[in-house]
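The values are calculated or read from the model by the stated rules, or taken from the named source; none is laboratory data. Just so we're clear, the structure is a prediction, and the values are computed from it rather than from any experiment. Virtual Cβ from ideal backbone geometry, glycine too; neighbours counted across all protein chains shown.
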There are 2 protein chains.
Amino acid sequence: MSNPYDYAKTNQERFLEEYQELLRIRTISTQPQHADDVAAAAEWLRAMMLRIGMERAEVILLPEGRCPLVLGEWHGAGEDAPTILIYCHYDVQPAEVADGWHTEPFEPTIKEDRLYCRGAVDSKLHVMSNLKAVEAWLAADEKPKVNIKVVLEGEEESGSENINAFVAQQPERLAANIAMVSDGAILAPDQPSLTYGLRGIAALELHVSAPVSDLHSGHWGGSVHNPIQALTEILAQLHDENGAVTVPGFYDDVVPVTATDRALLEQVEPFLQAEWDDVVGAPAVWGEAEYILPERLGARPTLEINGIHGGYTGAGMKTVLPARAFAKITCRLVPRQKPAQIIQSVVDHIRSIAPETVAVDIRPSEPGAEAVLLDVESLAMTAAAEAYTHAWGVEPVFERSGGSVPICFECMKVADEVVIMSYGLKSGRAHGPNENIYLQNFYNGIQATIKFIEVVGSRGN
Amino acid sequence: MSNPYDYAKTNQERFLEEYQELLRIRTISTQPQHADDVAAAAEWLRAMMLRIGMERAEVILLPEGRCPLVLGEWHGAGEDAPTILIYCHYDVQPAEVADGWHTEPFEPTIKEDRLYCRGAVDSKLHVMSNLKAVEAWLAADEKPKVNIKVVLEGEEESGSENINAFVAQQPERLAANIAMVSDGAILAPDQPSLTYGLRGIAALELHVSAPVSDLHSGHWGGSVHNPIQALTEILAQLHDENGAVTVPGFYDDVVPVTATDRALLEQVEPFLQAEWDDVVGAPAVWGEAEYILPERLGARPTLEINGIHGGYTGAGMKTVLPARAFAKITCRLVPRQKPAQIIQSVVDHIRSIAPETVAVDIRPSEPGAEAVLLDVESLAMTAAAEAYTHAWGVEPVFERSGGSVPICFECMKVADEVVIMSYGLKSGRAHGPNENIYLQNFYNGIQATIKFIEVVGSRGN
């Protein structure tokens, strides 16, 4: 009676309700006070997996992790059929009204054709698009010709220790022919895109201190190297005038941009520039002059200061000479750069330029993740292109994303092929205030995943 | 039956109780939520002035001000006698346990020979030393031979608009032969010192912004001049390698250090270096190499970053490329430097070096105050030296303080001579956590003010 495409369309409104239910759970993995929310969401997702017809569903938290993953399995296609592993994450970044939200960050709010909520695009959109596509297949008369595993991570925004340990210890649990990593953004509402490269990440904190405690800046100013000043002097030396990172060795392993890359990425440039004008809106584009915008964002590494604090920053004046100041730094990495090696280069460089008038404490804060470069001719990639064309009615273009999806690297350990399928938009303000999606992207995403499952199944193992 | 010196000694314990009562009132003038506390303290002080025998006492708040001053008067010495104006301030800097306090910041705590509390040294020590000296005189058989005005300011830590307006509009109310500004610190518990120079102050905030809202640092990093980075690049250019300020014109009006200054200040150097080792304890002394420590702290201007903030600074990682970042800056000024002109020079310089890839907003945040240089041979200064010698049993040395007491400049408008009498210690951690005094300094301060009133009275008008 029913095929999965029609089923999804018929149940669209209910799917939207369920998506909003998940959005209301404050799954902020970076903040320990939300551990119960993360656990509640994991249980909610496990229950849903069983409800939609998956054969097994499990909440898994290893001793190494803090936030559980949820693993659902359906093996109804039989041993000879290929297996797809669908990966998404259900944890989100922190969000507070004070950051500039126009609505309550954890109350999904629909205005015209968009839905606003923390996690709307990053990445509960993907969690729900994929689970609802699986539901549509399992509810249909004709069952999928692929076995399906769905793994939902709970600490993508805060280190991924749990899933990394799981892959290391029990790789067979996630083994698949194709891993579909569902996260990130396409170029425009009516222009899907396939990401064939992702940047990696390496993170550290830099703490500078000098006096033993906060001092009166009148009494002692002029005799102490102010830790804020020393910190700014160090940070200001990490880029040259062209926007390039000055850390020795930083670019040693960087794979050069090829003529093929340039040809693919030039197609993306106008979309990205339009998006930049809309979303970024800074006084001017900045960065390495010899690279076009999509290359700066996808094919070149960066060193970014994500946060800085020192001294008194409340209302009014406090004439303090502070004891300490610190900054949070992340580097986005491109293929062949090793996170540990980059961290070491940055640490060595900072130590070499830090003045002796202050004490410097550098704390690598995350294990980091390597960058990924995928084969645009693979079976998985061509199936994904077909899926987008079906759902959007437009062929996708190919791009390299500036974001990091560390799990891609892990997926390569358990799957023959990896493909990234994104249903969000760059204008969706992931990580910022007023994160949002076009509702149509949710519906298109469901259709795309249904098609992807069909195409992979039709080609056999 | 009684003389003021004995009266003060007999009532020492009660005086200490009253001092602690005042310390418990959270007179934080920079924080609007403490306006009621400031008002309550003003009323408390007015009542005390009347109780100790002053003829008039008034709480005064002009439309220009936010926190009232309290003015007490005693004219019993008659029209032909000289008039002393005693100035102190009763407002304090913010303080929170999280800043590193070992006790509740607003609960006075006595340990061995010290008392710990916000405001203990800056400047409720001076408020109470002077009020209790006046009480001792007015309770004594022989009345003072000087008329006495006591003015207590409530917004010294936050701009002094109220008292500045009062001096401008009703200068006769504070008119005196000698103004005694009671604030600041002496060199050591057993080494009083007289400050003949004070630095002025000029303050501003620097705000840098680029994208219209916080962005995902992976998606957009490499194409936007990160406002934190741009801010550090600007701030790092404000000093050269020798610690000198690079702002063009900054030193144009600075009065050079004379041979007399060097001779006086060399006597202070060992005390200051010992204090530096104890209180500052940074890895190394920093600053302009051609000046000795007391010169760097008292005779040379500075540009100090008091606070900086941008992006995400909470627990864990947030890969944000922030929309904005800001810093709070104060300059300490030396004689002849004009606050408005220095602010303009800093503003011009920052505008000239700010990159076009970000937007810069510079907000001068205070009217500022000029530096002061006093005559060490004046009647007021020699009377003060006699008062210290009486109370401490040691002759004072002469120094130039790094702090700013803007009111000195105002006092020069209403008094023939100005003298600064400090009873606190530099090690008292004014503006920092664990602010404290030696109890003996409180008792010595009362004796010194009693003596000062006697000496000035004995010399006539």
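Odds and ends about this structure:
- Looking only at residues in the range A:290-308 that are facing chain B (nearest Cβ under 7 Å) and touching a helix residue (DSSP H, G or I) at 6+ places or on another chain (Cβ under 9 Å), the one that is surrounded by the fewest Cβ atoms within 10 Å (Cβ to Cβ) is A:Leu293.
- Any chance B:Asp278 is surrounded by fewer than 17 Cβ atoms within 10 Å (Cβ to Cβ) and under 15 Å from A:Thr232 (Cβ atoms): no
- Among the conditions (1) buried (at least 24 other Cβ atoms within 10 Å of the Cβ); (2) within 29 Å of B:Lys9 (Cβ to Cβ); (3) touching a Phe, Trp or Tyr at 6+ places or on another chain (Cβ under 6 Å), B:Thr449 misses just one, which is (3).
- Scanning the range B:415-443 for residues that are more than 14 Å from chain A (Cβ to nearest Cβ) and out of contact with any strand residue (DSSP E or B) (no Cβ under 9 Å at 6 or more places or on another chain), we see that the one that is farthest from A:Asp214 (Cα to Cα) is B:Tyr443.
- From A:Gly53, A:Gly76, A:Gly72, A:Gly65, residue being in contact (Cβ under 8 Å) with a residue 12 or more places away in the chain and surrounded by fewer than 16 Cβ atoms within 10 Å (Cβ to Cβ): A:Gly53
- Just one of (1) within 30 Å of A:Gly119 (Cα to Cα); (2) outside any loop (DSSP other than H, G, I, E, B) fails for B:Gly314. It is (2).
- Put simply, of A:Ala120, A:Ala98 the only residue that is assigned by TED's automatic domain parsing to the domain that holds A:Leu22, out of contact with any Cys (no Cβ under 9 Å at 6 or more places or on another chain) and at pLDDT below 95 is A:Ala98.
- Hey, B:Thr258 β-branched (Val, Ile, Thr), closer than 18 Å to B:Val372 by Cα and within 12 Å of chain A (Cβ to nearest Cβ) or not: no
- Only one of B:Thr258, B:Thr246 that is among the polar types (S, T, N, Q) and at pLDDT 95 or above: B:Thr246
- For the range A:317-329, the count of residues that are free of Cβ contacts under 8 Å to residues at least 12 places away in the same chain, facing another protein chain (nearest Cβ under 7 Å), touching a helix residue (DSSP H, G or I) at 6+ places or on another chain (Cβ under 9 Å) and in a loop (DSSP other than H, G, I, E, B) is at least one.
- Complete set of residues in the range B:346-367 that are surrounded by 18 or more Cβ atoms within 10 Å (Cβ to Cβ), within 8 Å of chain A (Cβ to nearest Cβ) and at pLDDT 95 or above: B:Thr357, B:Val358
- Restricting the range B:330-344 to residues that are crowded, with 19+ Cβ neighbours inside 10 Å and not polar (S, T, N, Q), the residue that is nearest to the other protein chains (Cβ to nearest Cβ): B:Arg332
- Qualifying residue in the range A:215-222 (condition: at the interface with another protein chain (Cβ under 7 Å from one of its Cβ atoms), under 31 Å from the mean Cα position of the chain (by Cα), surrounded by 15 or more Cβ atoms within 10 Å (Cβ to Cβ) and not charged (D, E, K, R)): no
- In the range B:407-424, the residues that are under 16 Å from the mean Cα position of the chain (by Cα) and surrounded by fewer than 24 Cβ atoms within 10 Å (Cβ to Cβ): B:Phe409
- In the range A:223-275, the qualifying residues are those that are β-branched (Val, Ile, Thr) and buried (at least 24 other Cβ atoms within 10 Å of the Cβ), and the one that is farthest from A:Ile186 (Cα to Cα) is A:Val224.
- Residue that is more than 23 Å from the chain's Cα centre (by Cα), over 30 Å from A:Arg459 (Cβ atoms), at pLDDT 95 or above and not in a loop (DSSP other than H, G, I, E, B), where the choices are A:Ala8, A:Ala57, A:Ala41, A:Ala47: A:Ala47
Conditions (1) within 14 Å of chain B (Cβ to nearest Cβ); (2) surrounded by 23 or more Cβ atoms within 10 Å (Cβ to Cβ); (3) part of a strand (DSSP E or B); (4) in contact with a Lys or Arg (Cβ under 9 Å, 6 or more places away or on another chain), marked per residue:
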{"site": "A:Arg118", "(1), (2), (3), (4)": "yes, yes, no, yes"}
{"site": "A:Val127", "(1), (2), (3), (4)": "no, yes, no, no"}
{"site": "A:Glu135", "(1), (2), (3), (4)": "no, yes, no, yes"}
{"site": "A:Leu138", "(1), (2), (3), (4)": "no, no, no, no"}
{"site": "A:Lys143", "(1), (2), (3), (4)": "no, no, no, no"}
{"site": "A:Ile148", "(1), (2), (3), (4)": "no, yes, yes, no"}
{"site": "A:Ala165", "(1), (2), (3), (4)": "no, no, no, no"}
{"site": "A:Arg173", "(1), (2), (3), (4)": "no, no, no, yes"}
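- Complete set of residues in the range B:366-400 that are under 16 Å from the mean Cα position of the chain (by Cα) and under 20 Å from B:Ala448 (Cα atoms): B:Glu399
- The criterion of being facing chain B (nearest Cβ under 7 Å), surrounded by fewer than 22 Cβ atoms within 10 Å (Cβ to Cβ) and in contact with a helix residue (DSSP H, G or I) (Cβ under 7 Å, 6 or more places away or on another chain) does not hold for A:Gly287.
- Scanning the range A:261-284 for residues being more than 10 Å from chain B (Cβ to nearest Cβ) and over 23 Å from A:Val376 (Cα atoms) gives a total of 2.
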